[in-house]
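Every read-out reported here was derived from the displayed coordinates using simple, explicitly stated rules and does not represent laboratory data. It should be emphasised that the depicted structure is a prediction, and the values quoted were computed from it without experimental measurement. Here Cβ is always computed from backbone atoms with ideal geometry, including for glycine, and neighbour counts include all displayed protein chains.
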Amino acid sequence: MLNASDEEHLLRAREEGRVIFTQNDDFLRLAAAAENAGIVYATQDKPVREIISGLMLIYQVLEAEEMWNHVEYV
């Protein structure tokens, strides 16, 4: 899906029940406008170790159903 639009990525993730991790703030706008399986967002300046720690914590404490139509910030 290298040439797919953000909307196509969001649709595919929703169809497969997958949460999207992104540093692209366009997905925040898309999340507000369309049903999704969840989005995890981090700013571009966030250190990788903090992102990984945040992703691990989300994985450990949240169920897939809790992420539906939800944006989690790391």
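Quick notes on this structure:
- Dipole of the chain computed with +1 at Lys/Arg Cβ and -1 at Asp/Glu Cβ about the Cα centre; of Asn36, Thr22, Ile52, farthest Cα towards the positive end is Ile52.
- For Gln60, net neighbour charge (Lys/Arg +1, Asp/Glu -1) across residues whose Cβ lies under 14 Å away: -3
- The charge dipole of segment 20-73, taken about its Cα centre with unit charges on the Cβ atoms of Lys, Arg (+1), Asp and Glu (-1) only, comes to about 180 debye.
- Local electrostatic count at Arg14 - Lys and Arg +1, Asp and Glu -1, tallied over other residues with Cβ under 13 Å: -4
- Per-residue [θ]222 nm for the chain (sum of -39500 (n - 2.57) over DSSP H runs n ≥ 4, rounded to 500): -14500 deg cm²/dmol
- The Kirkwood radius of segment 20-73, taken over pairs of alpha-carbon atoms, gives through the Stokes-Einstein law at 37 °C and 0.692 mPa s a diffusion coefficient of 287 µm² s⁻¹.
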